[in-house]
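Enquirer: Got a structure for you, questions after.
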Amino acid sequence: MNEKLSYVEFPASDIIATKHFFEQAFNWSFTDYGPDYTSFTDQGLSGGFYKSDLASTTDNGSALLVLLSDDLEATQENVINAGGKIIKPIFSFPGGRRFQFVEPSGNELAVWSIIND
C-alpha cells in the first residue's frame, strides 16, 4: 500500500447530520474525535469529516468520490430517504450507470453500477 490512496477528508458544516445521513443511507459507522471531527473506516477508502463551512463539489473543482452499488435504484432510494439530494439522476455511460447527490453538509458524491453484458 506504499504511496497508494489511503484516506480522504471532507468538510462538513453539520457533522451530526452528515453522520446520520451516511449511517442511514450506507450503513457506515463513525468514531468521533471531539465535536469537530469524525472518521469512518472499511468503506473501500477510510476517511473523515472535519468541521467547516466549505463543501466538496465538482463545481468548485473538487474530486468526485464514487461509491459502487449492486442495485443502483435501491441505493438512490436510500440516499433520498436519508435526506440526500439527487443532483444528477441515474444516467448511462460506457460500461456503467450512475447518479450524483449531495449530502446534508453539501458534499457531492456519486454512486455507480457496472453493466455486465
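No value in this document is a laboratory result; all are computed from the given coordinates. For clarity, every value in this text was computed on a predicted model and none was experimentally measured. Please note: Cβ atoms are built from the backbone with ideal geometry, for glycine as well, and neighbour counts cover all protein chains shown.
Enquirer: Which one of these is free of Cβ contacts under 8 Å to residues at least 40 places away in the same chain and either surrounded by fewer than 18 Cβ atoms within 10 Å (Cβ to Cβ) or over 16 Å from Ser13 (Cβ atoms) (or both): Gly47, Gly83, Gly95?
Expert: On the way: Gly47 fails: free of Cβ contacts under 8 Å to residues at least 40 places away in the same chain; Gly83 fails: free of Cβ contacts under 8 Å to residues at least 40 places away in the same chain.
The match here is Gly95.
Enquirer: Can you find a residue that is part of a loop (DSSP other than H, G, I, E, B) and either over 23 Å from Ile80 (Cβ atoms) or of a type outside the set (S, T, N, Q) (or both) anywhere in the range 15-24? Please lay out each step first, then the result.
Expert: Of the range 15-24, the ones part of a loop (DSSP other than H, G, I, E, B) are none.
No, that holds for no residue.
Enquirer: So, one more: Here is a list of conditions, (1) over 27 Å from Met1 (Cβ atoms); (2) part of a loop (DSSP other than H, G, I, E, B); (3) in contact with a strand residue (DSSP E or B) (Cβ under 7 Å, 6 or more places away or on another chain), and Ser56 meets all of them except one; can you say which number that is?
Expert: (1)
Enquirer: Got a number for residues in the range 59-76 being outside any loop (DSSP other than H, G, I, E, B) and not aliphatic (A, V, I, L, M)?
Expert: Total satisfying the criteria: 5.
Enquirer: Pick from Ser6, Ser46, Ser56: which is of a type in the set (S, T, N, Q), within 13 Å of the chain's Cα centre (by Cα) and over 13 Å from Asn107 (Cβ atoms)?
Expert: Working: Ser6 fails: within 13 Å of the chain's Cα centre (by Cα); Ser56 fails: over 13 Å from Asn107 (Cβ atoms).
Residue meeting the stated conditions: Ser46.
Enquirer: Same structure again: State which residue pairs qualify: first residue under 14 Å from Trp28 (Cβ atoms) and inside the range 64-79, second residue in a loop (DSSP other than H, G, I, E, B) and of a type in the set (D, E, K, R) in any location, beta carbons under 9 Å apart, and separation of 6 or more residues or different chains.
Expert: Cβ pairs passing all conditions: Val79/Glu103.
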